[in-house]
Structure formats: structure tokens, C-alpha cells
Amino acid sequence: MIKLTIISTCFNEIENVEECYTVIKNTMNKNSISYEHIFVDNNSNDGTLKVLEKICQNDKNVKLIVNYKNYGPFLSNFNALKYASGNYVIVNFAADMQDPEEMIVRMYKKIQEGYDVVYAKKINTDEGFLIKRLRRLYYYIIHKSSENYYPMNVNEFMCVKKNIVDQLNNINDYFPYIRGYIARLTDNFFEIEFERKSRLRGKSKNNLFDLYAQGMNGLIFTMDKSIRLVGLFFL
């Protein structure tokens, strides 16, 4: 029986995917956790796919989903949830390994206390002053404009029970705001704080337009109160 599924989406991460695989393997073996590691290649063109195919040939714990078009990180991640078979799922462990692998074990142990979700909450990131301020403003707006509780400084690096994943798999959305859906499905959660590391190798594939599109998607998804207020003017 597979206890934990770990999903890693990647696009042109040839410098990182092999180490990502090794780090997860060593961490799971050290803690005696049965697992599967699902990599999703989002149409890489730098040789990432060949590295992942070789890993899969030599390790039955690793699965590979190959996209023949770049669907973007959210939809690619969302699709991968359909193939998760573990009792618990790490929704996304970034292939660039900015998120510390020891957090996976901490979240996995905590969720077994009866929670539906354990969020990894960033208390510090190695980012520029402006980006930090913009992120803080973004989460503040989401927090104030929604009737639901959306955790601050949280992305898809979280541990979720399989029954929550099954509910997500019934949702049809071409641009899913995964963390938003999860927050709507349950209030039975716990938060663990951590500091996010800087990238060791390579550059982020998210450009300014991608960040804007992802941010707007989150705002539209969560702004219940604001939409209702606007609706009053048309009554």
C-alpha cells in the first residue's frame, strides 16, 4: 500500500530533476515511508524528459506524465492529481527544490493526527523587497475580500488526504486555483511554518506575465465579498 504520493511538475529543469528524485528517495527511505513520486514534464525541450525516462526505468516508485504541450503549472499539476494513489498527497514539491524536503515528513506526520490538509506556510523567502511587498499585498486582498479562509503565504506545497483529492478530481476547470479549491472543501487544517530557500540552479520559468495571470486567477476565484458588493449596483 502506498502511503504518500509526491507530485513534482517541471519545465526545463534538467539541472534539478535528478537531484530532486534522489532527495525524495533518500528522505522517504530514511523515514520508512512507502511512496510514489510522480513527475510531470510540461513539454521540456532541454533534455529533462530523457533524464526522467531513465529514472523511471530504474525505479518503480517513480511515475512520469508527459505533456506534449505546455499547459502551465496549475493545469499540469491539477491533472497529475488524477494519478495519485497514496493515502496522502503532497500536491506539489517543486522540482527546483526551493521547498525543504524535511517539510514533507513533518506534514505527513501531522496529517495523520486527523487533519484533512496540512499547509506549508512560508514565513520568509529569498526574494527581493518589491516582490515580497507585492505578495503580502496580494494575500491581504484575498484575505479581506473573501468569505472563506484562505491561508496566507501558502502555495500548492501542502499535504492533503486522498478523499480531498478525489473531490478535486470531480472538478472541471481549465485554469484551476488548486489551493483555493482545497480551502473551500475543508476547514479541518493545520499550518506548519517554514523558510523557503533560494534556487540552487537555473532560473524560474515563471515570467512577469505568468505571475500576473496566476495572481489574477486567484483574485477572481476568491473575491466573494467584492463581487457581491458590485452586484448591489445592478439591483
task = Return a yes/no flag: does segment 13-20 have any residue that is of a type in the set (S, T, N, Q) and either in a strand (DSSP E or B) or touching a Ser or Thr at 6+ places or on another chain (Cβ under 7 Å) (or both).
result = no
task = Tell me which residues, restricted to segment 152-162, are open to solvent by less than 10 Å² (accessible area, probe 1.4 Å) and modelled with pLDDT of 95 or more.
result = 157, 158, 159, 160
message = If I go through segment 178-189 residue by residue, how many of them are outside any helix (DSSP H, G or I) and under 17 Å from residue 120 (Cβ atoms)?
response = 3
Matching option when the condition is farther than 28 Å from residue 1 by Cα and either part of a strand (DSSP E or B) or at pLDDT 90 or above (or both), among 121, 205 = 121
query = In segment 1-24, what residues are farther than 11 Å from residue 101 by Cβ, open to solvent by less than 80 Å² (accessible area, probe 1.4 Å), touching a helix residue (DSSP H, G or I) at 6+ places or on another chain (Cβ under 9 Å) and of a type outside the set (S, T, N, Q)?
reply = 4, 7, 10, 11, 13, 14, 17, 21
Yes/no for residue 84 being closer than 20 Å to residue 182 by Cβ and either in contact with a Cys (Cβ under 6 Å, 6 or more places away or on another chain) or modelled with pLDDT of 95 or more (or both) = yes
inquiry  = Any residue in segment 32-61 that is in a helix (DSSP H, G or I) sitting within a Cβ distance under 7 Å of a residue that is open to solvent by less than 20 Å² (accessible area, probe 1.4 Å) and among the aliphatic types (A, V, I, L, M)? List the pairs, counting only those 6 or more apart or interchain.
reply    = 48/17; 51/17; 52/17; 55/62; 56/62
task = Taking only segment 163-197 into account, find how many residues are farther than 14 Å from residue 119 by Cα, in contact with a Gly (Cβ under 9 Å, 6 or more places away or on another chain) and open to solvent by 50 Å² or more (accessible area, probe 1.4 Å).
result = 1
note = Condition set of a type in the set (Gly, Ala, Ser) and under 16 Å from the mean Cα position of the chain (by Cα), scope segment 25-79, selection surrounded by the fewest Cβ atoms within 10 Å (Cβ to Cβ): answer is 72
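The values are calculated or read from the model by the stated rules, or taken from the named source; none is laboratory data. Not measured: the values here are computed from a predicted model. Note that each Cβ is placed from the backbone with ideal geometry, even for glycine, and that neighbours are counted across all protein chains shown. The protein model used for the area step is the full one, side chains on, heavy atoms only, and it has no ligands, DNA or RNA in it. Shrake-Rupley method; radii C 1.70, N 1.55, O 1.52, S 1.80 Å.
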